[in-house]
1. So, of the residues in the stretch B:24-40 that are in a loop (DSSP other than H, G, I, E, B), within 21 Å of the chain's Cα centre (by Cα) and surrounded by 15 or more Cβ atoms within 10 Å (Cβ to Cβ), which turns out to be farthest from the other protein chains (Cβ to nearest Cβ)?
2. Quick one: how many residues across the stretch A:1-37 are of a type in the set (A, V, I, L, M, F, W, C) and buried (at least 17 other Cβ atoms within 10 Å of the Cβ)?
3. Show the residue pairs meeting these rules: Cβ distance below 7 Å; 6+ apart or different chains; first residue within the stretch B:41-53 and within 10 Å of chain A (Cβ to nearest Cβ); second residue at pLDDT below 85 and in a loop (DSSP other than H, G, I, E, B).
4. What about A:Thr100, is it under 19 Å from A:Thr30 (Cβ atoms), polar (S, T, N, Q) and not in a loop (DSSP other than H, G, I, E, B)?
5. Residue by residue through the stretch A:69-109, note down the ones that are charged (D, E, K, R) and within 14 Å of chain B (Cβ to nearest Cβ).
6. Is it the case that some residue within the stretch A:40-52 is in a loop (DSSP other than H, G, I, E, B) and closer than 30 Å to B:Arg38 by Cα?
Amino acid sequence: MRHRRDHKQLSRSTSHRKALLRNLVTALFTHERIETTVAKAKETRRLAERLITFAKRNDLHSRRLVARVVHGETIVKKLFDEIAPMYATRPGGYTRILKTRRRLGDNGEMGVLELVKSPEQRAEDRRRKEEAAAAKAPAPEKKGNLLEQLAGKK
Amino acid sequence: MALPKRRHSSTRRDKRRGQWKLEAPSVSRCNHYRSAKRPHYVCPQCGYYNNEEIVAVHE
């Protein structure tokens with residue numbers, strides 16, 4: 001019988017599990033894509049979807065409800081200002097889980113939990129990434145020079 | 001308490017164990033890279049799933 005079994009326990013006490021899910025959901029909103037075990041991803045998805053729906057309401061009460069879970073004001077702000085508007089017209093299903101591999105050591109099922117994005121948002125992300133890479137470009141050159149210097153010394 | 005009345009012969013034991021068989025793992029093919037992969041998993045060779053999702057390209 002699986003009556004009234006609402007969620008997975010994830011082999012943790014209530015407080016441990018709550019802390020874990022808070023950490024995972026904060027990591028998801030920070031990085032927009034995280035890799036964990038599929039079991040953890042599925043539990044995190046429930047919480048993340050609920051929080052995004054709160055954030056779409058965009059009032060003070062919903063902001064306080066979200067801040068009770070998500071660590072850090074900056075991430076709460078990001079959720080309300082950047083993430084929630086992406087899903088203004090999407091009725092749920094804001095996240096996606098993809099299975100990636102079996103973890104070495106315990107053969108755990110690993111997956112990627114990510115925020116679903118439209119092609120335009122992806123193009124925007126790519127553009128930002130390239131800009132960041134362009135700003136950082138001189139750094140790898142330095143490394144090459146150092147290697148040459150070392151080779152020259154020998 | 002129920003107890004075995006007689007010892008089972010080695011033949012009976014081995015006949016029982018003769019039914020233990022390994023199953024072949026199910027394998028599917030990556031649409032993008034044409035390599036073998038687990039069904040419902042991201043292709044470990046190219047990091048693609050459903051022809052488009054780039055998840056982890058490392059080469």
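1. Across the stretch B:24-40, the extreme among qualifying residues is B:Cys30.
2. Number satisfying all stated conditions: 7.
3. Listed by first residue and then by second, the contacts come to B:Val42/B:Val55; B:Cys43/B:His32; B:Cys43/B:Tyr33; B:Gly47/B:Val55; B:Gly47/B:Ala56; B:Gly47/B:Val57; B:Tyr49/B:Val55.
4. No; evaluated as a whole, the condition is false for this residue.
5. Listed by number, the residues that qualify are A:Arg96, A:Lys99, A:Arg101, A:Arg102, A:Arg103, A:Glu109.
6. no
The values are calculated or read from the model by the stated rules, or taken from the named source; none is laboratory data. None of the values given here were measured: they were computed from a predicted structure. Cβ atoms come from the backbone with ideal geometry, glycine included; neighbour counts cover every protein chain shown.
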